[in-house]
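The values are calculated or read from the model by the stated rules, or taken from the named source; none is laboratory data. Small disclaimer: the values here were computed from a predicted structure and weren't measured. Positions of Cβ are backbone-derived with ideal geometry, glycine not excepted, and every protein chain shown enters the neighbour counts.
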Amino acid sequence: MQGKAYGTSVKVVFLRDIAVNVRFLIAVPILILAESGIDKTWRLLVHHFLQSGLVTEKERPAFEAIIAKTIRWRDRVWPEAVMVLLAFLPLLFTRTEPLMSTVSNWHGGAISGTISPAGRWFNLIATPVFRFLLMRWIWRMALWTSFLWRAARLNLYYVATHSDLAAGLGFLSEGQKAFSPIVFAGGSVIAAQVANAILYEGATLSSQKLPMIAYGVLAILCLLAPLTVVSPVLFKIKRRALREYGALVTKHNQLFDQKWILEEREPGEQMLGHPDASSLVDLGSSFTVVRQMGLVPIDKPTLIILAISAAIPMIAVALYATPTNELIHMVLKMLG
C-alpha cells in the first residue's frame, strides 16, 4: 500500500528482504511440518525400549507411568499459554527499531526511526508467532529430556558389551537425527540475516563468520544435551563392567596360560581347532567393547547429518558472497 512491498520507494523492499522471507516462507513451515515426523520417531524409540528387552516385565508399569506423565505434560494447555505470554512479553520492555538501521527499508525509516504499518505487524504479530514456535520446540525437547532422565534411572536391562558401545541405548541417537530439519531451519534464519548484512549493509563474509560458526556449534551441543542425562548411568555401567569383565578376562587368560603356555594340559591335546583359542579372542573382544563404550549415546553419522543441516544454509551464503572469478580460481587451484 505504501509502495514498500516492491518497487524503488525504499532501498530494501519487502520482497527483497532475504531474512524476513526466509524466516516466514522456509523456517516457519519447517517448524510446523517437522512436528509429525519427529513425534513418529519418538514413538518408535519409546517402543524400542520395550521391543529390545531393555524394559523388563517388572519395570514395565513404571515405564508406562513415565510415558503417561510425559503425554499429560505435552497435552496440557497452560505451558503453551505461558509460551504465548513469553512470546509477546518483550514488546512491553524493548524499544521497537527498524530492522536495518543504515538503509531505508520496508520496515521503517533508517533516519527517522519511524515504523511502517507492515513493520508494526511484523513486530506485534509475526515475530511473537515465530518466538512461540521456537519456544514450543524447546518445551518439547525438555519433555523428551525429562522422559530419558526418568527412564534411564529405572532398573533397565543394560548390556555393557552391546555392539552399539552404549549398553543398548545407541538407538537414542536416531531421535536427535530427526531434528535435522529444525537445525536447517535455524541455520536458514541465521544465514539469511548474514546475507542481508552483506547485501545491504556493507558487511563482509569474514566479519560474519563468527555467528555462522557459533550457530553450528551451539545447535549440535543443544541437541546433544538431552542425551547427556543418561551419561551418569552409562558411567556406572562402564565402571562396573570394566571391573567385572577385567576380572573374568584375567581369570580366563590365566587358565589359558597354564594350559597352553605352561603345558598343563592332557597329553595329545592340540591347539589347532581347539575352542580355547576362540574363547580367548571372543572374551578379549567383549572387554574391548566395554573399554570403548561411550558416555553419550551418539554416533558419527548423526553428528555429520546435524552438522550438514546447519552448514548448508551457511555454504549457500558463502557461495553467494564470493565473486564468481574467485570461486573459479579456487576450483582450478584445487584441481591442480
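Scan segment 50-58 and tell me whether some residue there is of a type outside the set (S, T, N, Q), surrounded by 14 or more Cβ atoms within 10 Å (Cβ to Cβ) and not in a helix (DSSP H, G or I).
Checking segment 50-58: at least one residue is of a type outside the set (S, T, N, Q), surrounded by 14 or more Cβ atoms within 10 Å (Cβ to Cβ) and not in a helix (DSSP H, G or I).
Could you tell me whether segment 303-324 includes any residue that is within 30 Å of Leu205 (Cβ to Cβ), modelled with pLDDT under 90 and not in a helix (DSSP H, G or I)?
yes
At least 1 residues that are closer than 22 Å to Ala27 by Cα and free of Cβ contacts under 8 Å to residues at least 24 places away in the same chain in each: list the helices (runs of 4 or more DSSP H) lying fully within segment 160-225 that qualify.
So the answer is 180-200, 209-224.
Suppose we filter Leu133, Leu154, Leu124, Leu99 for residues that are more than 19 Å from Ser36 (Cβ to Cβ) and modelled with pLDDT of 90 or more; which single one remains?
The match here is Leu154.
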